[in-house]
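The values are calculated or read from the model by the stated rules, or taken from the named source; none is laboratory data. On a predicted model such as this, the values are computed, not experimentally measured, just so you know. Here the Cβ positions follow ideal geometry from the backbone for every residue, glycine too, while neighbour counts run over all protein chains shown.
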Amino acid sequence: MTHIRTRVSPGRIAAWALLVVALFATVFPFYWMVRTALTPAADLYTDSTGLVPDHPTMINFLRVLGLTSQEEAVAAGGSGAQVDFLRYLLNSVVYSGLIAVLQTLFCAMAGYAFARLRFPGRDLVFGVLIAALMVPPIFTVLPNFVLVKDLGWLNTFVGMVAPSVLMTPFAVFFLRQFFLSVPREVEEAAILDGVGPWGIFWRVVMPMTRGPLLTVGLTTTVWAWKDYLWPLLSGRDEETRVLTVALGIFQQQSPNTQPDWTGLMAGSALSVLPVLVLLILLGRRLVESLNFTGMK
């Protein structure tokens, strides 16, 4: 029996080495975050550098969730202040969910209009939209804040969501490219069946582009979930405070002017879980949808 040896090129070895380094750089911060969260506050600076803490504990997670008494929280190294983690978690779900759903919807409508509709100045408007990709988002924070303040929408979900729901240039461009790949014959057949423009968009085109829509929805959800500056400016009240802002405030509530790293890492680890679960549940379906869309 003849054995065939496959030669591995240096370029392939270098590519795999680069992937391993990138994987380590991506995973290691999450590992260290969980390790710090499991470390008692008193042992944080004296603990060994092993894979797991010398004396792992769940007290940091319990006090972030508000499941410990004030005395227990102080003894564990916290300030004893109560953190309404579940409320802030719900606020983050509402905030990111509204932005993801509405932005995906409006970007899909705009992308379809640029792909299929003909109107005066279409290419010029699309060029201006693409040029907006070069504008840093930080430049729009102050005008948006002044507008939301003048409308009386500060500390409301309407004010927090309004500047982000209409569309983003990249999402419009991304969806437009997929809409251009939809065969016109499919839409023409729908027209012969008496389906109007709105029906073609909803009942024909949208189901055929579920993969790209899911991609935009997931990326928008992750972006909104980790957003900090805009929710800090527009939603500082307890009723609208999101997790990222709450964790920043939690960091400031530290005894002896020392950051509460163990509690902060526990809160950060808990805040990552919803997005991680979402990616696990929808990631495979996303890949399958994109592959199916590509085959069509």
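What the table below lists for this structure:
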| quantity | calculated |
| --- | --- |
| Residue that is loosely packed, with under 14 Cβ neighbours inside 10 Å, in a helix (DSSP H, G or I), aromatic (Phe, Trp, Tyr) and assigned by TED's automatic domain parsing to the domain that holds Pro207, where the choices are Phe170, Phe139, Phe145 | Phe139 |
| Residue under evaluation Thr219, criteria (1) surrounded by fewer than 16 Cβ atoms within 10 Å (Cβ to Cβ); (2) outside any loop (DSSP other than H, G, I, E, B), criterion not met | (1) |
| Region 190-213: number of residues that are modelled with pLDDT of 90 or more and over 18 Å from Leu117 (Cα atoms) | 1 |
| Residues (among the basic types (Lys, Arg), at pLDDT 90 or above and not in a helix (DSSP H, G or I)) located in region 222-259 | Arg241 |
| Index of the failed condition, Pro207 passing every other in (1) in a helix (DSSP H, G or I); (2) surrounded by 13 or more Cβ atoms within 10 Å (Cβ to Cβ); (3) more than 15 Å from the chain's Cα centre (by Cα); (4) not β-branched (Val, Ile, Thr) | (2) |
| Out of Tyr95, Tyr112, sole residue that is surrounded by 17 or more Cβ atoms within 10 Å (Cβ to Cβ) and not assigned by TED's automatic domain parsing to the domain that holds Val216 | Tyr95 |
| Selected residue (only one of Ser181, Ser164 is within 26 Å of Asp84 (Cβ to Cβ) and among the small types (Gly, Ala, Ser)) | Ser164 |
| Qualifying residue in region 86-100 (condition: among the charged types (D, E, K, R) and within 29 Å of Gly196 (Cα to Cα)) | no |
